[in-house]
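Let me begin by presenting the structure, written as structure tokens, before commenting on it.
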Amino acid sequence: MAHVDEEIASQPECWQRALELTPRHLPAPGERTAVIGCGTSLYIAQAYAVLRESLGHGETDAYPASEFPAARRYDRVVALSRSGTTTEVLDALARTPAETVALTADPGAPIGVAARHLVALDFADERSVVQTRFATTALALLRAHLGAAPADLPEQARAALAAPLPEGALEARQFTFLGTGWSCGVANEAALKVREAAASWTEAYPAMEYRHGPISVSGPDGLVWFLDAPPAGLVRQAEETGAAVSVPRLDPLAELVRVQRLAVGLAVRRGLDPDRPRHLTRSIVLDRP
């Protein structure tokens, strides 16, 4: 069994622990906040930023750490990094004068010095290169801090582990993931999981943007997967392309667990190692000039 299989299966317990935490130093209502990360952490940042602002907690922007505008005024910067060693994240923290807090799986990593405050999710650390439980646990924690995490979220994760994959998903050759609001970030992460673990052709869009061009790539060998409630009429239009269409049964974060399972299943089917995607490492540490 691959490490990622075990890590995916442990998410209900990880989410339960996250929901029981009461971390200090996360953004308070009214604080102008930036959230930074790279790869998977960026997409979790996007989801949190949209959710926080939509709930009225304050202006919230998400950035790739390499593109963070350090001169822009923020009250607090939240950095997400599983390893705590990602070069771009550490550089961004060094450049900002704002109050900083980092979410990481390794409290002994350099990010513990780079950020003023630390939220350690060491119980959600992973051996696989592919991120699964750390990212979803971080988002479960951030949602809980906003009062926006369903009490049954761990049970929904268990349901996602047991639910069948969409019919024909393992045979599909092209994948489109669609979200609305905060679940657009989840859709981006879903696409990344299938892309990196299974080297597959994946795309992600806000649901209504799918109709403005991307629908042209859908066809009989494709799967269109809605991570959140579909806008009226869009399911029918997606079905008319001949693609298989999946509508959500669960919370978007729990739907992501099903996508993780798909990514691993596709990788195994194609003879790939889902723990070690091509050209990737567990942490991106760049050479200093």
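If you fit an axis through the alpha-carbon atoms of helix 252-269 and take the longest principal axis of the Cα set of the chain, what angle between them do you get, 0 to 90°, nearest 10?
That helix lies at roughly 60 degrees to the long axis.
Could you give each residue of segment 18-28 its phi-based ³J(HN,Hα) in whole Hz, using Karplus coefficients 6.51, -1.76, 1.60 with θ = phi - 60°, and x for Gly or Pro?
5, 5, 8, 6, 10, x, 8, 6, 6, x, 8
Please determine, in degrees from 0 to 90 and to the nearest 10, the orientation of helix 40-54 with respect to the longest principal axis defined by the Cα atoms of the chain, where the helix direction is its Cα long axis.
80
Please sort 265-277, 206-218 by packing, taking for each peptide the average over its residues of neighbouring beta carbons within 10 angstrom, highest first.
Ranked by mean Cβ neighbours within 10 Å, highest first: 265-277, 206-218.
Normalised by the number of residues in segment 163-227, what is the relative contact order in percent for Cα pairs under 8 Å and 6+ residues apart?
46
I'm a student and want to see the number: the projected area of the Cα convex hull of segment 1-62, averaged over all directions, in nm².
With every direction weighted equally, the projected area is 5.3 nm².
Between segment 87-157 and segment 25-53, what's the alpha-carbon centroid distance in Å?
11
Can you quote the Å³ per residue value for the convex hull of the Cα atoms in the chain, rounded to an integer?
Cα convex hull per residue, to the nearest whole number: 129 Å³.
Projected onto the charge dipole of segment 59-189 (+1 at Lys/Arg Cβ, -1 at Asp/Glu Cβ, origin at the Cα centre), which of Pro64, Ala162, Pro97 gives the Cα projection farthest towards the positive end?
Result: Pro97.
Which value, to two decimals, describes the C-alpha radius of gyration of segment 167-222 once divided by 2.2 N^0.38 Å?
Here the answer is 1.08, to two decimals.
Relative contact order for the chain: what is it in percent, counting Cα pairs under 8 Å that are at least 6 residues apart?
Contact order relative to length: 20 percent.
Could you pull out every residue, at least 5 positions away or on a different chain, whose amide H is within less than 5 Å of the one on Val245? Hs are placed 1.01 Å off N in the peptide plane, and Pro or chain starts have none.
Residues meeting the criterion, in which the H sits 1.01 Å from N, are Val224.
How large are Rg and Dmax for segment 44-194 when only the alpha carbon atoms are used, in Å?
Rg, Dmax (Cα atoms, Å): 16.5, 50.
How much mean residue ellipticity at 222 nm does the chain get from its helices, if each DSSP H run of length 4 or more adds -39500 (n - 2.57) and you divide by all residues, to the nearest 500 deg cm²/dmol?
-11000 deg cm²/dmol
³J(HN,Hα) across segment 134-146 via Karplus (A = 6.51, B = -1.76, C = 1.60, θ = phi - 60°), whole Hz, x for Gly/Pro?
5, 5, 5, 5, 4, 5, 4, 5, 5, 5, 4, 5, 8
We did not get these values from a lab; they are worked out from the coordinates using the rules stated. Because the structure is a prediction, the values reported are computed rather than measured. Reconstructed Cβ throughout: ideal geometry from the backbone, glycine too, with neighbour counts over all protein chains shown.
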